[in-house]
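The values are calculated or read from the model by the stated rules, or taken from the named source; none is laboratory data. Values in this document were obtained by computation on a predicted structure and should not be read as measured data. Virtual Cβ from ideal backbone geometry, glycine too; neighbours counted across all protein chains shown.
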Amino acid sequence: MSTFALKLIAIISMLIDHVSYVFLREYSLLYAGGRLIGRLALPIFVFLLVEGFFHTRNIKKYLIRLGIFALISEIPFDLAFYNTYFYFGHQNIFFTLFIGLLSIYLINMVEKRYKNNMLIVNLLNAGITIALSIVAAILRTDYRFMGVLLIVAFYLFRGSKPLLIISLIILSPNVVQAFSVLSLIPISFYNGKKGKDIKYFFYAFYPAHLLILYLLNLII
């Protein structure tokens, strides 16, 4: 399964989740089913973020791209979920991905610089992870500190399915979120190939679909 295929699964899962949240009656069977399907999205996006970190030619451009789309997506995010242009109590997932990518970038730098001193590596990396998790919590990014911790876990335990399963369960605040473990099924079929190259479609899809959901909600 290529990067393209995994991205497609993730955005379809995310779309079903968001449609369920915006349009369906809470606690109905359809609502519950849609939210459960939506739990597949985050781990797949996190997996692809980490893979992207290892394969990108320019990590700084990657960070800038995430930061730009975080800003672009914030008003559509607030409109879709809070019916207001500015809601400071919850920031969109691009902010979480940005902070998480920054975390593993700094962790990787520490690992390279102090590769002969594991004590220093562990202490500094723990500090980086805690500090940026606190930043995510203060900014109230989507999934808050758990999202950042999940990105770090996917980086540290890359290739180890048992440790990733444990990480997903530990970082699940409730039973519904624990269904995210099922995301490892499509991830297991990843073949390392890129597939179709329509990178910016996936970036643009996030704010675009949120804006469309908001407009549809106004009409309906």
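Couple of notes before you dig in:
Condition check ((1) β-branched (Val, Ile, Thr); (2) buried (at least 16 other Cβ atoms within 10 Å of the Cβ)) across all residues:
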residue: Ser2; (1), (2): no, no
residue: Ile12; (1), (2): yes, no
residue: Leu29; (1), (2): no, no
residue: Arg35; (1), (2): no, yes
residue: Phe53; (1), (2): no, yes
residue: Leu71; (1), (2): no, no
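- Options Phe45, Phe81, Phe94: the member that is touching a residue at least 60 places away in the same chain (Cβ under 8 Å), closer than 21 Å to Ile9 by Cα and buried (at least 16 other Cβ atoms within 10 Å of the Cβ): Phe94
- Cβ separations smaller than 6 Å between residues 6+ apart or across chains give no pair from the stretch 175-188 residues that are at positive phi to residues that are small (Gly, Ala, Ser).
- Restricting the stretch 28-85 to residues that are hydroxyl-bearing (Ser, Thr, Tyr) and more than 19 Å from Phe205 (Cβ to Cβ), the residue that is farthest from the chain's Cα centre (by Cα) is Ser28.
- Top-ranked residue in the stretch 98-122 [being of a type in the set (A, V, I, L, M) and surrounded by fewer than 17 Cβ atoms within 10 Å (Cβ to Cβ); ranked as nearest to the chain's Cα centre (by Cα)]: Met109
- Residue that is surrounded by the fewest Cβ atoms within 10 Å (Cβ to Cβ) [pool: residues in the stretch 130-150 that are of a type in the set (Val, Ile, Thr) and in a helix (DSSP H, G or I)]: Ile138
- Qualifying residue in the stretch 125-136 (condition: closer than 28 Å to Phe86 by Cα, touching a Gly at 6+ places or on another chain (Cβ under 7 Å) and not hydroxyl-bearing (Ser, Thr, Tyr)): yes
- Some residue of the stretch 151-166 being among the basic types (Lys, Arg), over 20 Å from Ile59 (Cβ atoms) and surrounded by 14 or more Cβ atoms within 10 Å (Cβ to Cβ): no
- Residues that are more than 20 Å from Met14 (Cβ to Cβ) and either surrounded by 15 or more Cβ atoms within 10 Å (Cβ to Cβ) or not basic (Lys, Arg) (or both), drawn from the stretch 189-200: Asn191, Gly192, Asp197
- Here Gly127, Gly192 are screened, and the one residue that is in a loop (DSSP other than H, G, I, E, B) and either under 22 Å from Gly52 (Cβ atoms) or not charged (D, E, K, R) (or both) is Gly192.
- Residue among Leu163, Leu213, Leu156 that alone is over 26 Å from Ala70 (Cβ atoms) and either among the acidic types (Asp, Glu) or at pLDDT 95 or above (or both): Leu163
- Candidates Ile16, Ile11, Ile37, Ile44 - the one that is within 18 Å of Tyr155 (Cα to Cα) and either of a type outside the set (Val, Ile, Thr) or modelled with pLDDT of 95 or more (or both): Ile44
- The residue that is farthest from Asp17 (Cα to Cα), counting only those in the stretch 158-189 that are hydroxyl-bearing (Ser, Thr, Tyr) and in a loop (DSSP other than H, G, I, E, B), is Ser160.
- Candidates are the residues of the stretch 170-181 that are within 16 Å of the chain's Cα centre (by Cα) and among the hydrophobic types (A, V, I, L, M, F, W, C); the one that is surrounded by the fewest Cβ atoms within 10 Å (Cβ to Cβ) is Ala178.
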